[in-house]
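Enquirer: Can you keep this structure in mind? I'll have questions shortly.
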Amino acid sequence: MWDYTEKVLDLFYNPKNQGEITIAGEAGVKVATGEVGSIACGDALRLHLKVEVATDKILDARFQTFGCTSAIASSSALTEMVKGLTLDQALLVTNQDIANYLGGLPEAKMHCSVMGQEALEAAIYNYRGIPLASHDEDDEGALICTCFSISDSKIRRVIAENHLTTAEQVTNYVKAGGGCGSCLAKIDDIINEVKQENAKTTLHSNSVPNTQKSLNLGQKKPLTNVQKIALIQKVLDEEVRPVLIADGGDVELYDVEGDKVKVVLQGACSACSSSTATLKIAIEARLRDRVSPEIIVEPV
Amino acid sequence: MEKNCIYLDNNATTKVDPQVLEAMLPFLTDYYGNPSSMHSFGGQLAKNVRIAREQVAAILGAEASEIIFTSCGSEGDNAAIRAALLAQPEKRHIITTQVEHPAVLSVCKQLETQGYQVTYLSVDGRGQLDLNELEASLTGNTALVTVMYANNETGVIFPIEEIGARVKEYGALFHVDAVQAVGKIPLNLQTSTIDMLTMSGHKIHAPKGIGALYVRRGVRFRPFLIGGHQERGRRAGTENVPGIVALGKAAELELLHLDETTTRERKLRDRLETALLKQIPDCEVNGDTTQRLPNTTNIGFKYIEGEAILLSLNKYGICASSGSACTSGSLEPSHVLRAMGLPYTTLHGSIRFSLCRYTTEAEIEQVIAVMPEIITRLRALSPFKNDDAGWLQQQSQLTHH
């Protein structure tokens with residue numbers, strides 16, 4: 001039997017936001033839909049987002065899921081997490097965020113959280129008219145796992161985002177290698193390549209990479225307090241505030257105590273019902289990614 | 001620890017019968033001696049082991065000397081396959097089926113890397129073998145045909161004697177994994193074509209950790225486990241006296257109740273199956289319903305996933321099992337259902353209920369009462385409502401060209 005958290009079981013037995021979204025004649029909104037998985041693979045998710053056209057804000061999110069307990073719970077969690085976010089903010093949600101929201105998932109079930117993240121991305125890409133196929137088949141989109149149709153780029157992404165080190169973990173996260181197993185050696189090679197690329201990035205970069213998420217958390221030297229605060233300020237200024245300002249809000253760094261980062265939400269953010277989500281997803285996840293995985297963001 | 005439940009997973013394991021427990025307990029407490037000892041404290045136990053051997057022989061219709069006690073069904077399967085090959089070192093071909101238990105399949109896979117050729121017979125949509133395929137596969141080089149009596153997942157019973165007759169024509173040995181069949185199907189190995197047969201205690205209300213292997217008199221049997229003279233040199237290791245006594249008692253009880261139990265189980269199983277099929281749309285029985293164990297039903301519920309059904313049943317304290325990918329511990333659904341070529345729409349939503357002589361009518365009625373709502377709830381969550389779910393079909397075609 002799987003070791004599910006209370007949160008997973010709760011969202012499975014009492015799922016929130018199931019179903020479709022209909023917008024009969026409602027002005028200024030559109031529905032974005034993202035579909036991933038297939039019945040052959042044993043799980044599939046169709047995600048519906050109701051988007052306010054003028055602000056890009058997700059007003060509502062619903063899911064339809066074919067899958068196991070954790071697939072249903074992950075889908076429900078995802079819909080709860082993205083409500084109130086703008087599409088740009090939603091794109092920052094990682095599969096790890098979904099798993100964290102659920103209080104963790106069994107390792108062999110992490111692919112359920114990945115499915116959620118992919119459906120979200122698919123919905124947003126659909127909405128923006130970016131063809132998913134071209135995204136999937138970007139330069140190195142060769143098919144690695146034929147059993148589950150998993151591309152090279154997808155495997156690289158999941159390795160990078162979740163700091164995976166073994167082929168077995170890759171199987172747990174995206175299923176690749178879990179069928180006939182003939183691609184396991186290739187997955188080993190990809191893990192080594194990603195590791196080498198990371199080592200290079202660490203050597204050559206003297207600033208925090210902006211578009212690439214940092215993949216070298218484990219290898220960094222610990223920062224001094226001053227360096228840490230400076231880095232937090234820098235990440236807030238360069239990466240977080242522009243997104244918030246675009247939404248009519250803002251954030252100010254108030255204090256840093258160890259791993260606790262205190263911030264003041266301003267403008268539209270201070271009154272926004274999704275300010276907690278903003279804190280957790282837009283700010284905390286960013287800082288964890290860039291500065292330290294232990295960071296906790298609190299409003300003042 | 002949960003204790004009270006509606007246990008409909010008896011093909012996985014069974015409750016120890018109170019009479020079995022009572023019979024074995026003194027051999028854990030007072031009579032803990034070693035039957036091989038010279039002193040009477042230990043030596044006296046040889047008698048209890050002998051009685052148990054006779055009880056096990058009786059349920060199989062065999063001679064006591066043809067029974068070897070083992071630790072489990074998997075050991076029996078491993079030992080039988082190895083022994084059959086050692087007895088005929090010049091032959092290098094094995095025939096089995098695609099739907100065997102992993103205890104047989106994994107050994108065969110390993111033997112393929114050791115110079116043996118293995119034929120895995122296919123099954124049709126009802127889970128049945130094609131005897132023509134068997135005949136076409138048999139050659140003078142075939143050392144062993146190993147086939148299960150009844151399938152653990154679907155309950156489908158193979159035509160064992162028809163298979164055996166063909167095996168004998170080619171002079172191969174015939175091993176049958178009867179772990180699911182013993183106690184549910186009357187057996188008489190004296191008039192059978194079976195050379196070796198595996199059984200397991202915990203499927204017939206004895207504890208885990210005890211099983212038996214029948215080896216027909218005259219079969220050249222070399223032990224799998226060596227290092228002791230026990231079991232007439234055919235299985236080393238100090239006898240598991242409490243387990244052996246328990247297996248004997250369990251076999252005695254199964255034989256005693258065989259007719260009555262199977263009639264009752266069949267009636268309850270049919271009631272469950274009929275009621276579910278009637279109340280719930282888009283579901284069907286997996287496997288040959290004409291040749292099937294009386295206690296087993298495997299039903300495929302379309303458009304939903306098995307683990308989600310199991311967890312929903314679990315909420316009502318109902319224990320069943322599923323062949324879905326999420327429950328298999330791998331990412332592939334059951335090898336048995338896949339071998340039957342079931343469509344993906346049902347494959348992932350298959351649920352097995354397996355009854356035993358303790359199953360009550362009230363329990364069956366409770367399952368019938370809760371299942372429709374569980375299925376409705378999960379189907380409401382699912383994006384699939386019928387077989388032409390466009391984008392899924394497309395994707396699955398892409399995936400499995």
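Since every read-out is calculated from the coordinates, none of them should be taken as a lab result. Since we're looking at a predicted model, the values are computed, not measured. Every residue, glycine among them, receives a Cβ derived from its backbone with ideal geometry; neighbour counts consider all protein chains shown.
Enquirer: Using a ≥ b ≥ c from the Cα gyration tensor of chain B (square roots of the eigenvalues), is it rounded, prolate or oblate, where a/c under 1.5 gives rounded and otherwise the larger of a/b and b/c decides, a/b for prolate? Mind dumping the intermediate values first?
Expert: On the way: a/c = 2.17, a/b = 1.34, b/c = 1.61.
It is oblate, given that a/c is not under 1.5 and a/b is not larger than b/c.
Enquirer: Calculate the spin-label point distance for B:Gln88 paired with B:Thr263, positioning each point 7 Å from the Cα along the beta-carbon direction, and give it in nanometres.
Expert: A separation of 4.2 nm, rounded to one decimal place.
Enquirer: Tally the DSSP beta bridges in chain B and give the antiparallel ones as a percent, rounded to 5.
Expert: If I count the DSSP bridges inside chain B, around 50 percent turn out antiparallel.
Enquirer: Counting other beta carbons within 10 Å of each Cβ, put A:Val261, A:Val31, A:Val300 in order, fewest first. Display every interim value, and only then the final one.
Expert: Numbers: A:Val261 24, A:Val31 18, A:Val300 9.
Ordered from fewest to most neighbouring Cβ atoms within 10 Å, A:Val261, A:Val31, A:Val300 come out as A:Val300, A:Val31, A:Val261.
Enquirer: Further question on the same structure: Run lengths n ≥ 4 of DSSP H only: what is the helix-derived mean residue ellipticity at 222 nm for the protein assembly as shown, with -39500 (n - 2.57) per run over all residues, to the nearest 500?
Expert: Numbers: 29 runs with 296 residues, N = 701.
Computed mean residue ellipticity for the protein assembly as shown: -12500 deg cm²/dmol.
Enquirer: Oh, and also: Pick from B:Gln366, B:Gln230, B:Gln110: which residue has the top mean-square fluctuation in a GNM of chain B where Cα pairs under 10 Å get a spring?
Expert: Per the Cα network of chain B with a 10 Å cutoff, B:Gln110 tops the list.
Enquirer: Determine the dipole magnitude for the stretch A:50-111: charges of +1 sit on the beta-carbon of Lys and Arg, -1 on that of Asp and Glu, nothing else is charged, the reference point is the Cα centre, and the result goes in debye to the nearest 20.
Expert: Its charge dipole is roughly 180 debye.
Enquirer: Tally Lys and Arg at +1 and Asp and Glu at -1 over the other residues with C-beta under 12 Å from the C-beta of B:Pro207: what net charge comes out?
Expert: +3
Enquirer: How far is helix B:306-315 tilted off the main Cα axis of chain B, in degrees rounded to 10, range 0 to 90?
Expert: Roughly 80 degrees, rounded to the nearest 10.
Enquirer: Please report the relative contact order for chain A, taking Cα pairs under 8 Å with a sequence separation of at least 6, and give it as a percent rounded to a whole number.
Expert: 13
Enquirer: Can you sort B:Thr139, B:Thr193 from fewest to most other Cβ atoms within 10 Å of each residue's own Cβ? All intermediate terms of the calculation are to be shown ahead of the outcome.
Expert: Numbers: B:Thr139 13, B:Thr193 17.
If I rank by nearby Cβ atoms, fewest first, I get B:Thr139, B:Thr193.
Enquirer: Please compute the contact order of the stretch B:139-196 in relative form: average sequence separation of alpha-carbon pairs under 8 Å and at least six residues apart, divided by the residue count, as a percent.
Expert: That works out to 41 percent.
Enquirer: How many partner chain Cβ atoms sit within 10 Å of a residue's Cβ in peptide A:15-28, on average, as a whole number? It would help to have the intermediate numbers written out before the result.
Expert: Working: counts 3, 0, 0, 4, 2, 1, 0, 0, 0, 0, 0, 0, 0, 0.
The shielding value for this peptide is 1.
Enquirer: Now a separate question. Sort A:243-249, B:81-87 by the packing proxy (mean of other Cβ within 10 Å over each peptide's residues), most packed first.
Expert: Ranked from most to least packed, the peptides come out as B:81-87, A:243-249.
Enquirer: Given just the C-alpha atoms of the protein assembly as shown, how large is their convex hull per residue in cubic angstrom? Provide the component values of the computation, followed by the final result.
Expert: On the way: hull volume 138.8 nm³, N = 701.
Each residue corresponds to 198 Å³ of Cα convex hull volume.
Enquirer: Along each principal axis of its Cα atoms, how long is the stretch B:235-362 end to end? Whole angstroms, biggest number first, please.
Expert: Result, largest extent first: 49, 35, 31 Å.
Enquirer: Between A:Asp10 and A:Glu107, how high is the FRET efficiency from 1/(1 + (r/R0)^6) when r is the Cβ-Cβ distance and R₀ = 25 Å? Nearest 0.05.
Expert: Taking R0 as 25 Å, the efficiency between A:Asp10 and A:Glu107 is 0.75.
Enquirer: Per-residue mean of other chain beta-carbon atoms within 10 angstrom of the beta-carbon, peptide A:68-76?
Expert: Counting Cβ atoms of other protein chains within 10 Å of each residue's Cβ and averaging gives 5.
Enquirer: Considering every residue in B:375-381, what mean count of other chain Cβ atoms within 10 Å of its Cβ is obtained?
Expert: 4
Enquirer: State the cysteines of chain B left without a partner when partners are defined as other cysteines whose beta carbon lies under 4.7 Å away.
Expert: Here B:Cys5, B:Cys72, B:Cys108, B:Cys283, B:Cys319, B:Cys356 come out as lacking a disulfide-compatible partner, given the Cβ-Cβ threshold of under 4.7 Å.
Enquirer: Need one number: % antiparallel among DSSP beta bridges in the protein assembly as shown, to the nearest 5. Display every interim value, and only then the final one.
Expert: Working: 52 of 77 bridges.
Here the share of antiparallel DSSP bridges comes out near 70 percent.
Enquirer: So what is the relative contact order for the stretch B:178-312, in percent, with contacts set as C-alpha pairs under 8 Å and at least six apart?
Expert: 18
Enquirer: Moving on to the next point. Arrange A:Ile58, A:Ile130 by Cβ neighbour counts within 10 Å, fewest through most, would you? Can you show the working numbers first?
Expert: Details: A:Ile58 26, A:Ile130 13.
By the 10 Å Cβ count, ascending, the order reads A:Ile130, A:Ile58.
Enquirer: Can you order the peptides A:34-40, B:198-204 by their average number of other Cβ atoms within 10 Å per residue, highest first?
Expert: B:198-204, A:34-40
Enquirer: Using 0.36 nm per residue, how much length does the chain from B:Thr274 to B:Ala380 gain when fully extended, once their Cα-Cα distance is taken away?
Expert: Gain on stretching B:Thr274 to B:Ala380: 35.8 nm.
Enquirer: Does the stretch B:249-317 come out rounded, prolate or oblate, given a ≥ b ≥ c as the square roots of the eigenvalues of its C-alpha gyration tensor, rounded meaning a/c under 1.5 and, failing that, prolate meaning a/b above b/c?
Expert: Cα axes put the stretch B:249-317 in the prolate bin.
Enquirer: Let me ask another. log₁₀ I(q)/I(0) of the stretch A:1-119 at q = 0.10, 0.11, 0.15, 0.18 Å⁻¹, via Debye over equal Cα point scatterers, no solvent, to two decimals?
Expert: The Cα Debye sum returns log10 ratios of -0.28, -0.34, -0.61, -0.86.
Enquirer: Tally Lys and Arg at +1 and Asp and Glu at -1 over the other residues with C-beta under 13 Å from the C-beta of B:Arg216: what net charge comes out? All intermediate terms of the calculation are to be shown ahead of the outcome.
Expert: On the way: positive: B:Lys168, B:Arg217, B:Arg220, B:Arg234; negative: B:Glu63, B:Glu66, B:Asp195.
Charge balance near B:Arg216 sits at +1.
Enquirer: A follow-up question, please. Applying a 10 Å radius around every beta-carbon, put A:8-17, B:254-263 in order of their mean neighbour count, most first.
Expert: Highest-to-lowest ranking by the protection proxy: A:8-17, B:254-263.
Enquirer: Does the stretch B:87-137 come out rounded, prolate or oblate by the C-alpha gyration tensor, with a ≥ b ≥ c the root eigenvalues, rounded set by a/c under 1.5 and, if not, prolate when a/b is larger than b/c and oblate if not?
Expert: Judged from the Cα gyration tensor, the stretch B:87-137 comes out oblate (a/c at least 1.5, b/c at or above a/b).
Enquirer: Related question: In whole Hz, with x marking every Gly and Pro, tabulate ³J(HN,Hα) for the stretch B:151-163 from phi via Karplus 6.51 cos²θ - 1.76 cosθ + 1.60, θ = phi - 60°.
Expert: 7, 5, 8, 9, x, 5, 9, 7, x, 4, 5, 5, 5
Enquirer: Separate question: So, counting K/R as plus one and D/E as minus one, what does the shell of residues with Cβ under 12 Å around A:Gln266 add up to?
Expert: Values: positive: A:Arg241; negative: A:Asp247, A:Asp250, A:Glu252.
Summing Lys and Arg as +1 and Asp and Glu as -1 gives -2.
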